[in-house]
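Take a look at the structure set out below.
The values are calculated or read from the model by the stated rules, or taken from the named source; none is laboratory data. This structure is a prediction, so every number in the text was calculated from the model and none was measured. Note: ideal-geometry Cβ built from the backbone for every residue, glycine included; neighbour counts use all protein chains shown. Remember, those area values only see protein heavy atoms, side chains included, never the ligands or the DNA or RNA. Shrake-Rupley method; radii C 1.70, N 1.55, O 1.52, S 1.80 Å.
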Amino acid sequence: MLTKDDVRGVSVMVQTPCKEGAEGWDIADSVDLEETARMTEAYIRDGIGNFAVCGTTGECAALLWEEKLTFIDTMLQVTRKRVPIFAGATSLGTKETIRQMRAFKDIGADGAFVGLPLWQTPTIENAVQFFADLSQAVPDLPIMIYSNSMFFKSLFPTPFWAGVAQKAPTVICTKLTYPYFALLDDLRVAGHQINFMPGEASTMPVYKMLRPGGVKAVWSSGSVGMGPEPYVALTDAIMKDDEKRVDEIWKDIHSVPGHVPPGQFVNFPLYNAQVNRWAANAAGYINAGPSRAPYRLDDLPDAWKRQAEASAKGWTELRKKYAKVAAG
């Protein structure tokens, strides 16, 4: 079974490709499995470390259970254990999450990607017990916690991580999407068990905070949805603790316009799935297809579409530079 030390490199929070014309509520078989297979192989070829699937950009809330299972099974057939897959099992409650985790384990998933139940605001005790229950119910499937404060009604404070480390031994990593300012305290209570992976906004400050050797993996969704090469290069430089190279790559990455129009990040939760899908399609690394109901691409304001297209254009040019570096 995987441990925190097996989670290395870039963790890609992938999109779930949708067939053209299959975005409606009345389509029960929307996943483009041919594109799923091609996408999976492309990411492995280009150096990613693991997949975390059916999160927010993966449109977990817009998929039927049967679609999720088929999508993940297709990815597993392509990966053939070359890189781990953490299968998204976030749901409204403990029993449903356990049902999904067991099914993913049966088809060969390497881990589960799980956020807190999206209903009642959790207490720390409730949140800890949730993951303790998952560990007890599926003791042979590692868990990546989807610790996103924006969506899961929690700041994931240090007592939460202390409780998880004590009561949920199968939790081995987390997508760091909560305020990281107390990260040193979190590592003190849980770093022996849990790999805290910084993301697109926090990679550089966390690297500086923990160097040398404190960052072994990072996560990305929106940027890597347009192609992984710059983040693969960044992670390689971090692993080598080549601070000058890290600074150079970070500067390159942040020279590209972001997906969100200036001053509009407060509205990002309204358009997360749509804007990432628009940018991915514009960049062309994957054919993500349309965005499923209820989060339609028609919802996306024109200013956001133009911003996503500018981001895709800049990222595509940057990928050319890092693809040449990777090729030697």
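Any idea how many residues of region 139-190 are open to solvent by 20 Å² or more (accessible area, probe 1.4 Å) and closer than 19 Å to residue 84 by Cβ?
Number of matching residues: 3.
Among the residues of region 11-47, which ones are over 15 Å from residue 113 (Cβ atoms) and aliphatic (A, V, I, L, M)?
Those that are over 15 Å from residue 113 (Cβ atoms) and aliphatic (A, V, I, L, M): 22, 27, 28, 31, 33, 37, 39, 42, 44.
Take the residues in region 37-49 that are in contact with a Phe, Trp or Tyr (Cβ under 9 Å, 6 or more places away or on another chain), touching a residue at least 40 places away in the same chain (Cβ under 8 Å) and assigned to a helix (DSSP H, G or I); name whichever of them is nearest to residue 110 (Cα to Cα).
Here the answer is 43.
Considering every residue within region 191-203, establish whether at least one is more than 24 Å from residue 84 (Cα to Cα) and not acidic (Asp, Glu).
The answer is no, given that none of the residues of region 191-203 is more than 24 Å from residue 84 (Cα to Cα) and not acidic (Asp, Glu).
Assuming residue 253 fulfils every condition listed in (1) touching a Pro at 6+ places or on another chain (Cβ under 9 Å); (2) open to solvent by 20 Å² or more (accessible area, probe 1.4 Å); (3) β-branched (Val, Ile, Thr) apart from one, which condition is it?
Residue 253 satisfies all of (1) touching a Pro at 6+ places or on another chain (Cβ under 9 Å); (2) open to solvent by 20 Å² or more (accessible area, probe 1.4 Å); (3) β-branched (Val, Ile, Thr) except (2).
Identify, please: which residue in region 271-328 is of a type in the set (D, E, K, R) and part of a loop (DSSP other than H, G, I, E, B) and is, among those, most open to solvent (accessible area, probe 1.4 Å)?
296
Taking into account only those residues within region 221-257 that are part of a loop (DSSP other than H, G, I, E, B) and acidic (Asp, Glu), which is farthest from residue 11 (Cα to Cα)?
My answer is 242.
Mind checking whether some residue in region 221-232 is open to solvent by 10 Å² or more (accessible area, probe 1.4 Å), modelled with pLDDT of 95 or more and acidic (Asp, Glu)?
yes
In the list 260, 206, 266, 218, which residue meets the criterion of being open to solvent by 20 Å² or more (accessible area, probe 1.4 Å), within 30 Å of residue 183 (Cβ to Cβ) and not in a loop (DSSP other than H, G, I, E, B)?
None of the other options fit; the residue is 266.
From the residues in region 98-109 that are farther than 16 Å from residue 55 by Cα, out of contact with any Leu (no Cβ under 6 Å at 6 or more places or on another chain) and not aliphatic (A, V, I, L, M), which one is surrounded by the most Cβ atoms within 10 Å (Cβ to Cβ)?
Filtering region 98-109 for residues that are farther than 16 Å from residue 55 by Cα, out of contact with any Leu (no Cβ under 6 Å at 6 or more places or on another chain) and not aliphatic (A, V, I, L, M), the one surrounded by the most Cβ atoms within 10 Å (Cβ to Cβ) comes out as 99.
Restricting to region 3-26, what's the tally of residues that are outside any helix (DSSP H, G or I) and more than 17 Å from the chain's Cα centre (by Cα)?
The qualifying residues number 10.
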